[in-house]
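Below you'll find the structure, written out as structure tokens, and then a few comments.
The values are calculated or read from the model by the stated rules, or taken from the named source; none is laboratory data. Every value quoted in this text rests on a predicted model; they were computed, and no experiment measured them. Every residue, glycine as well, gets a Cβ built from its backbone with ideal geometry; the counts of neighbours run over all protein chains shown. Side chains included, ligands, DNA and RNA excluded: accessible areas come from the protein's heavy atoms. Shrake-Rupley method; radii C 1.70, N 1.55, O 1.52, S 1.80 Å.
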Amino acid sequence: MIELGANRYGKAAIRLVRVARAPERDQVRDLTVAIALEGAFEAAHTDGDNSLVVATDTMKNTAYAFAKDHLDGAIEDYGRALAEHFLAEPQV
């Protein structure tokens, strides 16, 4: 009998460049982000049901959207906000 291993996938090499303008000096953030999701995605392989799969383009666009609101502070704060967003999905 065939068994599925761990279900993990994601999007790598998401390039983010953000310039925060300030009177004293501008701050440039240049990051390369990788997102890897692991969870209950078995139905995608066994039944062809992709309804619980987060599309990799959605991961990329979410990384861009979160950069707008969360990349002014520490990089770790951005990463935490992005992780909490994806962890809110019950299958992840």
Review point. Restricting attention to the stretch 14-92, which GluC sites (Glu not before Pro) occupy a DSSP loop and are surrounded by at most 10 other Cβ atoms within 10 Å?
Key: E24
Point to revise | Within the accessible area of the chain (1.4 Å probe), percent carbon and sulfur | key: 50
Review point. Non-local amide H neighbours of G10 (under 5 Å, H modeled in plane, Pro and chain starts lacking H): which ones?
Key: L37
**Study point:** Per-residue [θ]222 nm for the chain (sum of -39500 (n - 2.57) over DSSP H runs n ≥ 4, rounded to 500)
**Key:** -11000 deg cm²/dmol
Point to revise | Cα→Cβ-extended label distance, 7 Å offset, between A83 and A40, nm | key: 2.2
Review point. Relative to the Cα centre, what is the charge dipole magnitude of the chain, using +1 at the beta carbon of each Lys and Arg, -1 at the beta carbon of each Asp and Glu, and rounding to the nearest 20 debye?
Key: 500
Point to revise | Rg/Rh (Cα only; Kirkwood hydrodynamic radius) as it applies to the stretch 1-79 | key: 1.16
Revision key, fill the gap. Taking the dipole of the chain about the Cα centre (Lys, Arg +1; Asp, Glu -1; charges at Cβ), the one of V92, G48, L31 that reaches farthest to the positive side is L31
Check your understanding: Tell me, what HN-Hα J-couplings in whole Hz come from the Karplus equation 6.51 cos²θ - 1.76 cosθ + 1.60 at θ = phi - 60° for each residue of the stretch 57-64, using x for Gly and Pro?
Key -> 5, 5, 4, 4, 5, 5, 4, 5
Check your understanding: Under a 1.4 angstrom probe, counting protein chains only, how are L37, L87 ranked by accessible area, largest first?
Key -> L87, L37
